[in-house]
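The values are calculated or read from the model by the stated rules, or taken from the named source; none is laboratory data. From a predicted model like this one, the values you see are computed outputs, not experimental measurements. FYI the Cβ positions are ideal-geometry reconstructions off the backbone, even for glycines, and counts take in every protein chain you see. We work out accessible area using only protein heavy atoms, side chains counted, and drop any ligands, DNA or RNA first. Shrake-Rupley method; radii C 1.70, N 1.55, O 1.52, S 1.80 Å.
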Amino acid sequence: MLHQVEQYVARDVTSYLPRHRSFVRPDGYQRGLLELLAPMPDARFEVREVVAHEDPARGGVRVALVWWLRGTYCGTPVHGPLTGSPVTVLGSSQFHLRDGRIVAERRVYDEIAVLAQIARARGDEPA
């Protein structure tokens with residue numbers, strides 16, 4: 001439900017993603033999520049751990065999540081030819097919230113493991 005992002009993020013939200021990429025504003029935040037979800041349109045998040053801490057000195061709440069994303073590589077072929085195989089992603093996000101909205105997210109996930117799962121499903125041989 002990417003169309004609802006603006007309800008949950010601040011106007012000046014910034015997301016920091018793997019490979020030194022960052023996106024700003026709600027439309028950028030949507031693009032960052034879409035990059036993660038487009039290859040696996042049926043993906044589902046499973047939150048494994050949550051830690052929250054109110055941080056008045058920095059003007060908000062800090063929330064850390066550890067999550068799994070599980071889906072089928074059947075969407076946008078960003079990692080080579082589609083395989084229709086299951087893919088599991090382990091990730092972590094750290095959020096800074098102010099006035100109930102996300103103002104920053106730092107998202108980390110294992111892209112090498114994603115590529116390895118897809119390569120194995122394709123039957124790629126090591127070079």
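Please go through the range 62-79 and give me each residue that is out of contact with any Lys or Arg (no Cβ under 9 Å at 6 or more places or on another chain), closer than 18 Å to Ile102 by Cβ and crowded, with 16+ Cβ neighbours inside 10 Å, ordered by number. Break it down into steps so the answer makes sense when it comes.
Going through the range 62-79, the residues out of contact with any Lys or Arg (no Cβ under 9 Å at 6 or more places or on another chain) turn out to be 62-64, 72-79.
With the extra rule that they be closer than 18 Å to Ile102 by Cβ, the set shrinks to 62-64.
Across the range 62-79, the qualifying residue is only Val63.
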Pick from the range 3-37 the residues that are over 22 Å from Leu90 (Cβ atoms) and hydrophobic (A, V, I, L, M, F, W, C): which of them is most open to solvent (accessible area, probe 1.4 Å)? Val24
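Mind counting the residues in the range 38-61 that are touching a Phe, Trp or Tyr at 6+ places or on another chain (Cβ under 7 Å) and open to solvent by 40 Å² or more (accessible area, probe 1.4 Å)? Write out each step before concluding.
Initial filter on the range 38-61 (touching a Phe, Trp or Tyr at 6+ places or on another chain (Cβ under 7 Å)): 39-40, 45-48.
When the remaining residues are screened for being open to solvent by 40 Å² or more (accessible area, probe 1.4 Å), the result is 45-48.
Residues meeting the conditions: 4.
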Is it true that some residue in the range 82-89 is closer than 21 Å to Glu6 by Cα and more than 14 Å from the chain's Cα centre (by Cα)? no
